[in-house]
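Where a number appears in this text, it was derived from the coordinates with a stated rule and is not lab data. Computed from a predicted structure; not experimentally measured. Because the Cβ atoms are built from the backbone with ideal geometry, glycine has one as well, and the counts that use them run over all protein chains shown.
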Amino acid sequence: MVLPFGDWRKEGMLCSGFTEVVHTPTTTVAVASSSQEKLLKPNMGNTRDVEAARKIGKLLAERLHLLNIPAVTVCLNGDQVYHGKVKAVIDNVRNSGVKLI
């Protein structure tokens, strides 16, 4: 499973964070999480900050556990670096018990 990170500034993601886990051999989305979900949105003040990214990571990890997916690989695209929102999502996934390969 691969945890790819898109650009948080892309059209359609301007006001939200979105993360997905892709099953590489079949190229299908196994799990996804977004700050625009009905489960998260009422509990968030701002959907663009690091705190929102933490909540997205926690929800993503819970969904990975429900599907018995024990490990994922992180795939940063292009000029992305491990800091800010990306770091918040990855850290919360890791802290929730999902192994990063």
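With θ taken as phi - 60° and the Karplus curve 6.51 cos²θ - 1.76 cosθ + 1.60 applied, the whole-hertz 3J(HN,Hα) list for the range 85-92 is 5, 4, 4, 4, 5, 4, 4, 5 Hz, x standing for glycine and proline. Among 101, 56, 90, sorting on how many other beta-carbon atoms sit within 10 Å of each Cβ, with the fewest leading, yields 101, 90, 56. Counted by neighbouring Cβ atoms within 10 Å, the residues 19, 73, 27 run from fewest to most as 27, 73, 19. Contact order, relative form, for the range 50-100: 61 percent (alpha carbon pairs under 8 Å, 6 or more residues apart, mean separation divided by residue count).
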